[in-house]
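Worksheet: the structure to be examined is printed underneath.
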Amino acid sequence: MSVAFTREEDLEATAADLPDRPISPHPNLVTPTGLAAIEAALASARAAYSAAQAQGDIEADRTAMARATRDLRYWSARRATAQLVETEADGRVRFGGSVTIEREDGRPQTWRITGEDEADPAAGSVSHVSPLAVALMGKQVGDEALVAGRTVEIVAVD
């Protein structure tokens, strides 16, 4: 059938059938900053949901309502399962801390180990369940670890 013969409502119904955002099976560990970000995202999702409801005619824009509902479910679940972790520096790589590694080519890189929702590799933070974090957890300055098939040395832990 030609697209010219499809009803606009059919396209809207298809767009409104959004799958849920996947929720990680791992413990939802969060730093204080991560918890604040989840709470801000939840507040934003609630506002978007309220705005979609306030539009009056939900049938007119089912996509906005579906997106708002999906995001509200996701952030509500993430907030409900959030486990705030505040750790003290003990000289070991830990959740919420930073670690500087030196790669085989001498290039240093610093990473902060955070919760999954807070992780942003481009900004220097990785999830505690990432292969990098798993390889480094519990190590201290001077230790070596195998990361992506290459040996790295830990040169600083904060």
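The values are calculated or read from the model by the stated rules, or taken from the named source; none is laboratory data. As the structure is a prediction and not an experimental result, all values here were calculated from the model. Cβ sites come from the backbone with ideal geometry, for glycine too, and all protein chains shown count toward neighbours. In case anyone asks, the SASA skips ligands and DNA or RNA and just uses the protein heavy atoms, side chains included. Shrake-Rupley method; radii C 1.70, N 1.55, O 1.52, S 1.80 Å.
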Report task. Output the residues belonging to segment 138-158 that are under 24 Å from the mean Cα position of the chain (by Cα) and among the hydrophobic types (A, V, I, L, M, F, W, C). Result -> 147, 148, 157
Query raised in the report: Considering segment 109-129 alone, what residues qualify as being surrounded by 19 or more Cβ atoms within 10 Å (Cβ to Cβ), more than 13 Å from the chain's Cα centre (by Cα) and not charged (D, E, K, R)?
Result: 111
**Report entry** Extreme residue, farthest from the chain's Cα centre (by Cα), among residues of segment 63-108 that are at pLDDT below 90 and closer than 15 Å to residue 135 by Cβ
**Finding:** 104
Query raised in the report: Taking into account only those residues within segment 87-107 that are touching a residue at least 12 places away in the same chain (Cβ under 8 Å) and either in contact with a Gly (Cβ under 7 Å, 6 or more places away or on another chain) or among the hydrophobic types (A, V, I, L, M, F, W, C) (or both), which is surrounded by the fewest Cβ atoms within 10 Å (Cβ to Cβ)?
Result: 89
**Report entry** Matching residues, segment 112-129, being closer than 20 Å to residue 35 by Cβ and not in a loop (DSSP other than H, G, I, E, B)
**Finding:** 112, 113, 114, 120, 123, 125, 126, 127
Query raised in the report: Among the residues of segment 77-122, which ones are aliphatic (A, V, I, L, M) and touching a Ser or Thr at 6+ places or on another chain (Cβ under 9 Å)?
Result: 84, 85, 99, 101, 113, 119
**Report entry** Residue that is open to solvent by 50 Å² or more (accessible area, probe 1.4 Å) and either farther than 17 Å from residue 35 by Cβ or not in a strand (DSSP E or B) (or both), where the choices are 72, 132, 146
**Finding:** 146
Report summary line: Note on segment 95-111: residues among the acidic types (Asp, Glu) and assigned to a strand (DSSP E or B) are 102
